[in-house]
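Please read the structure below before turning to the comments.
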């Protein structure tokens, strides 16, 4: 029998019940056949799972029929389910790709939680890993993002495994051709509207001209990044309780912690934070903010890094809810919940990207820029009313300005009552659009905002 592509057998154990997720494509068919070849020797009990997403019409029906016949020919139990990803995307305000992935993994977790399997095996390959790392690098990921696709994802009742993560797509295709095993092709994999497709068919081939083994190199980078993150997680869990203290200091010693829902604060002693190496200091600041539910981007983190220095700013508004203040002894991060009249007027509406929302007297539409739409969704934006501490950067201005200053420039129609419900759009902790104002464009923002119609 022809040798199958490389399987990471260390992820498997004798007697394991493995559900193989099979779409009908070459990678998943190759994984099923490779595991089928290894199963008698390893003592694996295999079954097949196929999810019809309610997308691609007759083509998806043909995929389902192909997988059904393949499972029957191999004598394997088949788990099938049909869902409606377009409806889910609409009702839950997700992108189609996000909804499909959510439904798929929810089903996998259900199979594990029901005790129908010990693991679900998916056919992510070395090429998928390279594409993921490269895409996240392009989008400005931190090192945890460069870890890419993890070989094992723990779930209640079992785990999702990726035994092909060190195996190239070319190896799988060559083996399928030699063995005469057909597979199905998904036309959307060639669609240049998807970022991953363009990375696969345009960018990676260009990089391969500089290094023919670029995919392997990017996959190695992912392994290194995951190991680095694992070490940092352990180190931070040891150090953070000593460095990030909840609440605020009170006279006579001790600290006071807010019991107000949605509020909280963390203090870091400046002398200790300044003594840390920059790499550790940056991670401590990010981890401290995360305790308040604030995931800092690079710019926000660097602002906090500067605040730790003696000549840095003494106050910063990081997001609409989270601010930073430096005293003589400590740097405090504070999250405050709106109260009283502010709470009543603090209206928020989620704007999926891409997507549309009608609220606050207008309709806003967010359109992804070319080359950004793909299976990994862009986080939603928030259409909301102003909050204390909000700041924006006007086009051609040197620094961010308070909304009070901006309102004074806008003139008529921005009285106190109007300002309470004046629409602004926040994305990833930054105001990226404001009614009536022209803001400096954010290079990191992958979408454009349109006013579709005034109501």
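With respect to being modelled with pLDDT of 90 or more and within 24 Å of the chain's Cα centre (by Cα), residue 272 falls outside the description. Annotation: of all residues in the range 198-246 being touching a residue at least 12 places away in the same chain (Cβ under 8 Å), out of contact with any helix residue (DSSP H, G or I) (no Cβ under 9 Å at 6 or more places or on another chain) and not in a helix (DSSP H, G or I), the one that is nearest to residue 334 (Cα to Cα) is 246. I'd like to know if the range 2-20 contains one or more residues that are loosely packed, with under 15 Cβ neighbours inside 10 Å, in contact (Cβ under 8 Å) with a residue 40 or more places away in the chain and in contact with a helix residue (DSSP H, G or I) (Cβ under 6 Å, 6 or more places away or on another chain). Yes: one or more hits. Residue 67 passes every criterion in (1) buried (at least 22 other Cβ atoms within 10 Å of the Cβ); (2) in a loop (DSSP other than H, G, I, E, B) apart from (2).
Every residue, every condition in (1) assigned to a strand (DSSP E or B); (2) modelled with pLDDT under 90, yes or no:
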site: 110; (1), (2): no, no
site: 117; (1), (2): no, no
site: 123; (1), (2): no, no
site: 134; (1), (2): no, no
site: 145; (1), (2): no, yes
site: 153; (1), (2): yes, no
site: 160; (1), (2): yes, no
site: 167; (1), (2): no, no
site: 175; (1), (2): no, no
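Here residue 262 fulfils each of the conditions (1) at pLDDT 85 or above; (2) in a loop (DSSP other than H, G, I, E, B) apart from (1).
Would you be able to say whether some residue in the range 387-403 is at pLDDT 80 or above, in a loop (DSSP other than H, G, I, E, B), surrounded by fewer than 17 Cβ atoms within 10 Å (Cβ to Cβ) and touching a helix residue (DSSP H, G or I) at 6+ places or on another chain (Cβ under 6 Å)? There is no residue in the range 387-403 that is at pLDDT 80 or above, in a loop (DSSP other than H, G, I, E, B), surrounded by fewer than 17 Cβ atoms within 10 Å (Cβ to Cβ) and touching a helix residue (DSSP H, G or I) at 6+ places or on another chain (Cβ under 6 Å). Being at pLDDT below 95, closer than 30 Å to residue 295 by Cα and surrounded by 14 or more Cβ atoms within 10 Å (Cβ to Cβ) is a property that holds for residue 200.
The values are calculated or read from the model by the stated rules, or taken from the named source; none is laboratory data. In this text, all values refer to a predicted model and were calculated from it rather than measured experimentally. Neighbour counts are summed over all protein chains in view; Cβ atoms, including those assigned to glycine, are modelled from backbone coordinates with ideal geometry.
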